[in-house]
Amino acid sequence: MERTDSRKMTFTSYKEGNPDLWVLDLDRSENHKISSELGLNSAASWSPDGRQLALTLTKDGNAEIYLINQKGEIETRLTKNWSIDSSPCFSPNGKQIAFTSDRAGAPQIYVMDLDGSNVRKLTYETSYNDSPAWSPRGDKIAFVTRSPGGFDVCTIDITGENFMRLTSSGSNENPQWSPDGYHLVFSSNTTGKNEIYTMNWDGTNVKPITEGGENYNPCWSPSR
């Protein structure tokens, strides 16, 4: 689930059979379908100005990243590769997109310009990395890396330097930044159940914010 501002959210639903992309208007408590290409319409990320979305489509048989406008019209196909390209995430200035690709043989984090050019591999430290989230401060990308217990939350500078593993127990997934870029929210099963946690940008001060049930996929609301 992805927010463009404090009043709209996108989500993928099978409620009409195909995994289509929908937009929920929180003011009106209404939702409408924005992308219904054959196959997956998923992992949408709003541009900072709210005018475009980057998402993964499989309409041509392979998972590729596209840009669509607010009407759901395809503007640009950003990736053209035999591999799976997914999980796009805009930079704070809207000029670049981080994404996951297995074009090198295993999922890694890549960065490209908004037109799909200047693709560069960002992560090399471990063999499986996914779910990039660009810090609002613009300096780091959070992501998950596979570990013996499942996944750990990590960060890396956008230069490819200063890889940091922030978690070390259980399986930790779906990191998202706070609007100020100083905190992360994520899900973890470190106590045996999936709960939502927050922590500082450097992995300190880890705190659970849910208790009971099974809790996944946190999303931090933007500043208003």
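For segment 117-158, a residue qualifies if it is modelled with pLDDT under 95 and more than 23 Å from Lys80 (Cα to Cα), and the qualifying residues are Glu125, Thr126, Ser147, Pro148, Gly149, Gly150.
Condition first: in contact with a Gly (Cβ under 8 Å, 6 or more places away or on another chain) and either closer than 17 Å to Thr100 by Cα or in a strand (DSSP E or B) (or both). Now tell me which residues in segment 12-55 satisfy that. Within segment 12-55, Leu21, Lys33, Ile34, Ser35 qualify.
For segment 97-113, a residue qualifies if it is surrounded by fewer than 18 Cβ atoms within 10 Å (Cβ to Cβ), touching an Asp or Glu at 6+ places or on another chain (Cβ under 9 Å) and under 17 Å from Gln52 (Cβ atoms), but none of them does.
For (1) without any contact (Cβ under 8 Å) to a residue 40 or more places away in the chain; (2) under 20 Å from Thr145 (Cα atoms); (3) out of contact with any Ser or Thr (no Cβ under 9 Å at 6 or more places or on another chain), each residue gets a yes or a no:
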{"residue": "Pro19", "(1), (2), (3)": "yes, no, no"}
{"residue": "Leu40", "(1), (2), (3)": "yes, no, no"}
{"residue": "Gly61", "(1), (2), (3)": "yes, no, yes"}
{"residue": "Ala106", "(1), (2), (3)": "yes, yes, no"}
{"residue": "Thr123", "(1), (2), (3)": "no, yes, no"}
{"residue": "Thr126", "(1), (2), (3)": "yes, yes, no"}
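The residues of segment 187-205 that are of a type outside the set (D, E, K, R), free of Cβ contacts under 8 Å to residues at least 24 places away in the same chain and surrounded by fewer than 18 Cβ atoms within 10 Å (Cβ to Cβ), listed by number, are Thr191, Gly192, Thr198, Asn200, Thr204, Asn205. Only strands (runs of 3 or more DSSP E) whose full extent lies in segment 56-115 are considered here, and the ones with at least 2 residues that are hydroxyl-bearing (Ser, Thr, Tyr) and at pLDDT 95 or above are 85-90, 96-101.
Only one of the listed residues (Gly61, Gly50, Gly39) is over 18 Å from Trp220 (Cα atoms), loosely packed, with under 14 Cβ neighbours inside 10 Å and of a type outside the set (S, T, N, Q). That residue is Gly61. Do you know which residues across segment 114-124 are of a type in the set (Ser, Thr, Tyr) and buried (at least 19 other Cβ atoms within 10 Å of the Cβ)? Hit for segment 114-124 is Thr123, nothing else. Being touching a strand residue (DSSP E or B) at 6+ places or on another chain (Cβ under 8 Å) and over 19 Å from Pro107 (Cβ atoms) is a property that holds for Cys219.
Residues in segment 61-95 that are within 14 Å of the chain's Cα centre (by Cα) and within 14 Å of Ser47 (Cβ to Cβ): 6 in all.
Do the conditions hold for Gly181, that is, is it outside any strand (DSSP E or B) and surrounded by 14 or more Cβ atoms within 10 Å (Cβ to Cβ)? Spelling it out, Gly181 is indeed outside any strand (DSSP E or B) and surrounded by 14 or more Cβ atoms within 10 Å (Cβ to Cβ).
The values are calculated or read from the model by the stated rules, or taken from the named source; none is laboratory data. If you're wondering where the values come from, they're calculated on a predicted model, not measured in any experiment. Please note: Cβ atoms are built from the backbone with ideal geometry, for glycine as well, and neighbour counts cover all protein chains shown.
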